[in-house]
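The values are calculated or read from the model by the stated rules, or taken from the named source; none is laboratory data. Quantities reported herein were computed from a predicted structural model and do not represent experimental measurements. Using ideal geometry, Cβ is built from the backbone for each residue, glycine included, and neighbour counts are taken over all protein chains shown.
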Amino acid sequence: MSSTYLDNNATTAIHPDVAQAMLDCYLHGFVNPESQHQMGREARRTLENAREKLGNLLGLHLADIHADHLFFTSGGTEANNLALQGYQQEANRKRRLVISGIEHPSISTAAAWLTSLDVDVQTVNTLSNGQIDCAHLKTLVNKDTFLVATMLANNETGVLQPIEAVIEICEPMGVPVHVDAVQAIGKTDVHFQSLGATSMAISAHKVHGPRGVGALITKHGMAPRPILHGGFQQSAIRPGTESIALAVGFAKAVELYLEKKAEHRERLLGMRTKLESGVLQQLDCATLIGGDAPRLPHTSNIAFLGRDRQAVLMALDIAGICCSTGSACASGSSEPSPTLVAMGLDEEIVEGALRFSLGIFNSDAEVENAIKQICAVVSVL
């Protein structure tokens with residue numbers, strides 16, 4: 001029995017053209033891009049071409065000496081940590097960090113660690129539709145705030161966050177805003193200059209790129225302090241020998257996804273609509289979470305009332321349906337989803353919720369099979 005993979009928010013299958021581009025890099029035998037000889041300079045050109053391509057695709061200002069920065073990292077987790085820890089070191093005497101209650105663990109756990117450095121971490125309330133409460137945010141941001149961090153799109157519900165409103169609150173007070181855009185690239189429009197954020201975290205493996213590479217993007221002159229120390233790569237903000245193949249694969253993945261973004265979004269939305277309507281029409285116990293807010297086109301969070309999420313997850317796995325109970329980075333935990341708890345949902349909803357996230361390699365036939373298996377499994381539990 002073949003499996004139907006509906007866990008694309010956890011990671012995506014690498015695109016064959018991305019894998020080929022990376023293989024070409026490895027077979028070419030690129031050397032250390034910091035080396036000053038001819039082969040090193042060739043490696044440097046390839047690396048910087050990948051950086052420039054990513055920057056152009058994501059709306060960075062690259063035209064002059066006031067260019068925005070793009071620092072390659074090992075992924076979204078490192079990029080988020082670099083932002084939080086790095087800006088904390090830049091904060092002088094400012095002690096307040098404001099985050100939302102629906103953040104990825106790479107934000108929430110990093111924030112919790114910063115409390116050991118006497119950082120005053122404040123959490124913004126979440127509305128029942130899954131969006132952060134900007135009225136509450138306004139009461140938390142003050143002259144002592146060194147950073148506000150929020151995601152662009154939630155990894156569990158797919159709900160889009162009101163980033164424009166967040167920036168309107170923070171900008172007059174000179175408070176930087178960091179945006180975790182890891183889940184958003186390709187599924188919604190992401191243009192760094194238009195977004196207006198101070199910094200933004202992205203990752204390759206959510207858009208059919210390689211695992212092990214991400215980036216922190218910042219405005220010109222707003223690079224954080226380094227949290228790793230070593231060589232002088234990437235202006236010493238993120239030291240360590242860069243992987244040319246990973247950088248090339250990252251740029252290629254984003255390029256390929258954005259080339260067909262309209263087509264991808266239409267297909268994903270169509271499959272998501274089919275999945276949700278099929279399940280909700282056949283199961284009286286099913287309820288959609290975040291459905292009354294703007295969402296990513298590929299993410300569904302459905303609660304099965306009166307059912308235990310772990311039992312449904314395991315039964316679906318046996319039936320060949322791969323989904324999740326929440327963030328893959330917290331999948332080893334049996335605790336309820338912090339995101340759903342922050343939304344103030346009833347315990348029965350939280351305890352019965354599963355996430356289904358589609359990808360460009362899914363088919364209508366797979367969605368139809370998923371509906372059949374979900375309804376069959378839930379009906380007997």
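Where residues in the stretch 54-67 are in contact (Cβ under 8 Å) with a residue 12 or more places away in the chain and within 26 Å of LYS260 (Cα to Cα), which of them is surrounded by the fewest Cβ atoms within 10 Å (Cβ to Cβ)?
The extreme case among them is HIS61.
Okay, residues lined up against (1) among the small types (Gly, Ala, Ser); (2) without any contact (Cβ under 8 Å) to a residue 12 or more places away in the chain; (3) surrounded by 24 or more Cβ atoms within 10 Å (Cβ to Cβ); (4) over 25 Å from GLU259 (Cβ atoms):
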site: CYS170; (1), (2), (3), (4): no, no, no, yes
site: MET173; (1), (2), (3), (4): no, no, no, yes
site: VAL177; (1), (2), (3), (4): no, no, no, yes
site: VAL190; (1), (2), (3), (4): no, no, no, no
site: SER194; (1), (2), (3), (4): yes, no, no, no
site: SER199; (1), (2), (3), (4): yes, no, yes, yes
site: HIS205; (1), (2), (3), (4): no, no, no, no
site: HIS208; (1), (2), (3), (4): no, no, yes, no
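Name the residues in the stretch 18-43 that are surrounded by fewer than 16 Cβ atoms within 10 Å (Cβ to Cβ), in contact (Cβ under 8 Å) with a residue 24 or more places away in the chain and either more than 30 Å from ILE360 (Cα to Cα) or not assigned by TED's automatic domain parsing to the domain that holds HIS205 (or both), would you?
Selection gives ASN32, GLU34.
Within the stretch 87-118, can you find the residues that are closer than 16 Å to PRO176 by Cβ and surrounded by fewer than 21 Cβ atoms within 10 Å (Cβ to Cβ)?
Scanning the stretch 87-118 gives GLN89, GLU90, ALA91, ASN92, ARG93, LYS94, ARG95, ARG96, LEU114.
Residues that are crowded, with 17+ Cβ neighbours inside 10 Å, under 17 Å from ALA342 (Cα atoms) and β-branched (Val, Ile, Thr): does the stretch 139-152 have at least one?
Yes, the stretch 139-152 has at least one match.
Name the helices (runs of 4 or more DSSP H) wholly within the stretch 91-171 that hold at least 1 residues that are in contact with a Lys or Arg (Cβ under 9 Å, 6 or more places away or on another chain)?
Working: elements: 105-114, 134-140, 163-170.
Because the criterion is at least 1 residues that are in contact with a Lys or Arg (Cβ under 9 Å, 6 or more places away or on another chain), the helices (runs of 4 or more DSSP H) in the stretch 91-171 that meet it are 134-140, 163-170.
Being surrounded by fewer than 23 Cβ atoms within 10 Å (Cβ to Cβ), without any contact (Cβ under 8 Å) to a residue 24 or more places away in the chain, over 23 Å from THR77 (Cα atoms) and of a type outside the set (Gly, Ala, Ser) narrows it down to one of GLU351, GLU335, GLU347, GLU368, so name that one. Full working, then the answer.
Values: GLU351 fails: without any contact (Cβ under 8 Å) to a residue 24 or more places away in the chain; GLU335 fails: over 23 Å from THR77 (Cα atoms); GLU368 fails: without any contact (Cβ under 8 Å) to a residue 24 or more places away in the chain.
Testing whether each residue is surrounded by fewer than 23 Cβ atoms within 10 Å (Cβ to Cβ), without any contact (Cβ under 8 Å) to a residue 24 or more places away in the chain, over 23 Å from THR77 (Cα atoms) and of a type outside the set (Gly, Ala, Ser) leaves just GLU347.
Only one residue in THR46, THR73 is hydroxyl-bearing (Ser, Thr, Tyr) and buried (at least 20 other Cβ atoms within 10 Å of the Cβ), so which one is that? Quick ask: steps written out before the conclusion?
Details: THR46 fails: buried (at least 20 other Cβ atoms within 10 Å of the Cβ).
The conditions single out THR73.
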